[in-house]
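The values are calculated or read from the model by the stated rules, or taken from the named source; none is laboratory data. The structure displayed is predicted, hence computed values, not measured ones. When we count neighbours, we look across all protein chains shown, and the Cβ atoms used for this are built from the backbone with ideal geometry, even at glycine.
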């Protein structure tokens, strides 16, 4: 309903109420009401109610639009608060919060991936090269996952993955696919020397009754076992 529709309805209602009231008074008192009074009674309510209704309807429309804009802005801010702005993945807090909701959908699987020799990349080639490596690894990991899987940057060069409703055996296959896709990727540096990337990944099951923290701790231990085993490899917990 447009503002003008609201104005016309309000004018018609106010005029109708006034005329009905005058008619009732004339019937009850038996007095004759001259026609100028009828005309006056019809015009005055319309003159008063029309502008007032238009102002109120206009303000209501402004309030409605402002409320829509506020809700849209709040939704954007909530989404931005969950994102790691360097890599575009979930940040640590958002990953833990969303992944905890998946714990009831066990069996699931968690991965913990760490970029090999990342400190050396930063120290020797600068943070720009390190940032490029983080973005490249995040993009490649995301491409290896399903739409309903979760990926988050949970540390400086560390990424966590939750594979929803997936047993550990298939989780190892996904982890190996991601590791293979990243192995050999190169990051350009300021001096023109390419840096070859690789990652080490730990895999752990998330069974019914297990906490997310327990599963990630197991994946973390498996990831460090992969580091000790020579890096650029996948290790399963246990």
Keeping to the range 84-105, report how many residues are modelled with pLDDT of 90 or more, out of contact with any strand residue (DSSP E or B) (no Cβ under 7 Å at 6 or more places or on another chain) and outside any loop (DSSP other than H, G, I, E, B). 3
Some residue of the range 211-220 being modelled with pLDDT under 90 and outside any helix (DSSP H, G or I): yes
Show the residue pairs meeting these rules: Cβ distance below 6 Å; 6+ apart or different chains; first residue within the range 203-229 and buried (at least 17 other Cβ atoms within 10 Å of the Cβ); second residue at pLDDT below 95 and not in a helix (DSSP H, G or I). 204/237; 205/109; 206/106; 206/108; 215/206; 218/237; 222/237
Every residue from the range 196-209 that is assigned to a loop (DSSP other than H, G, I, E, B) and touching a strand residue (DSSP E or B) at 6+ places or on another chain (Cβ under 9 Å): 197, 198, 207
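Yes/no matrix, rows are residues, columns are (1) more than 13 Å from residue 112 (Cβ to Cβ); (2) in the same structural domain as residue 231 (by TED's automatic domain parsing); (3) surrounded by 21 or more Cβ atoms within 10 Å (Cβ to Cβ):
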site: 132; (1), (2), (3): yes, yes, no
site: 136; (1), (2), (3): yes, yes, no
site: 171; (1), (2), (3): no, yes, yes
site: 178; (1), (2), (3): no, yes, yes
site: 187; (1), (2), (3): yes, yes, yes
site: 193; (1), (2), (3): yes, yes, no
